[in-house]
Amino acid sequence: KRPEMVHARHILIKADEMTPPDLAAQAESKIRGAHQQVKAGADFAGLAQKLSEDTGSGPNGGDLGFFRRGQMVPPFDSIAFALDPGSISEPFRTRFGWHVLRVEEKKPEGQLDYSEVVVTRLQMMIKQKRAYEKVQSFVAELKVGAKIKRKV
């Protein structure tokens, strides 16, 4: 079974719970400015690359990929799943700071196709086999240059 999923981008301006009020106000002002630019037609991904302080997603245009319910902090999660694809949120705050969110697409909950399950499992088995082979090769290389003493 596949859970409901959302593909989203965001712009984050950091302001956690320990941020002094004056700096938190600056962060809010900055995210509201970004929100206005997006509403005026600015490219969301380009703006995220330029402004977002999320070092993981910022360089990728704020792209968070697909996530299911419960993977993000509650305010972020509820807003992401409430928006329609193409929609942009109002600025909101989480424990990480201020965000503006754009939902790219949604996948409804449903049954996975047999082929999806088989392909996923086959890919996992191939990766595991390759990793095992690499470990075995590495160990064999170590044994060649090692002095091994067996005590029985």
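The values are calculated or read from the model by the stated rules, or taken from the named source; none is laboratory data. Predicted model only: the values in this text are computed from it and were never measured. In this analysis, Cβ positions are derived from the backbone assuming ideal geometry, glycine residues included, and neighbour counts consider all displayed protein chains. To get the accessible areas, we keep the full protein, side chains included, count just its heavy atoms, and leave off ligands, DNA and RNA. Shrake-Rupley method; radii C 1.70, N 1.55, O 1.52, S 1.80 Å.
Test G56 against the stated conditions and say whether it is under 30 Å from S115 (Cα atoms) and small (G, A, S).
So G56 does not fit the description; no.
Yes/no per residue for (1) touching a strand residue (DSSP E or B) at 6+ places or on another chain (Cβ under 8 Å); (2) touching a residue at least 40 places away in the same chain (Cβ under 8 Å); (3) under 18 Å from L83 (Cβ atoms):
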residue	(1), (2), (3)
P3	yes, yes, yes
L12	yes, yes, yes
L23	no, no, no
Q26	no, no, no
K39	yes, yes, yes
G46	no, no, no
L51	yes, yes, no
D54	yes, yes, no
S57	yes, yes, yes
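Say whether the condition of being over 24 Å from T120 (Cβ atoms) and either among the hydrophobic types (A, V, I, L, M, F, W, C) or in contact (Cβ under 8 Å) with a residue 60 or more places away in the chain (or both) is met by at least one residue in region 64-77. Don't jump to the end; show me each part of the working.
Taking region 64-77 first, the residues over 24 Å from T120 (Cβ atoms) are 73-77.
Retained after the next criterion (residues that are either among the hydrophobic types (A, V, I, L, M, F, W, C) or in contact (Cβ under 8 Å) with a residue 60 or more places away in the chain (or both)): 73, 76.
Yes.
Scan region 32-65 residue by residue and report those that are closer than 16 Å to H7 by Cβ and surrounded by fewer than 14 Cβ atoms within 10 Å (Cβ to Cβ).
Within region 32-65, G56, G65 qualify.
Any idea which residue in region 1-27 is modelled with the lowest pLDDT, counting only those that are open to solvent by 60 Å² or more (accessible area, probe 1.4 Å) and among the basic types (K, R)?
If we take residues in region 1-27 being open to solvent by 60 Å² or more (accessible area, probe 1.4 Å) and among the basic types (K, R), then K1 is modelled with the lowest pLDDT.
Looking at G86, is it without any contact (Cβ under 8 Å) to a residue 24 or more places away in the chain and either open to solvent by 70 Å² or more (accessible area, probe 1.4 Å) or not acidic (D, E) (or both)? Before the answer, list the steps.
On the way: without any contact (Cβ under 8 Å) to a residue 24 or more places away in the chain: yes; either open to solvent by 70 Å² or more (accessible area, probe 1.4 Å) or not acidic (D, E) (or both): yes.
Spelling it out, G86 is indeed without any contact (Cβ under 8 Å) to a residue 24 or more places away in the chain and either open to solvent by 70 Å² or more (accessible area, probe 1.4 Å) or not acidic (D, E) (or both).
Starting from residues that are touching a helix residue (DSSP H, G or I) at 6+ places or on another chain (Cβ under 7 Å) and of a type in the set (A, V, I, L, M), keep the ones in region 47-99 and report whichever is nearest to S29 (Cα to Cα).
L51
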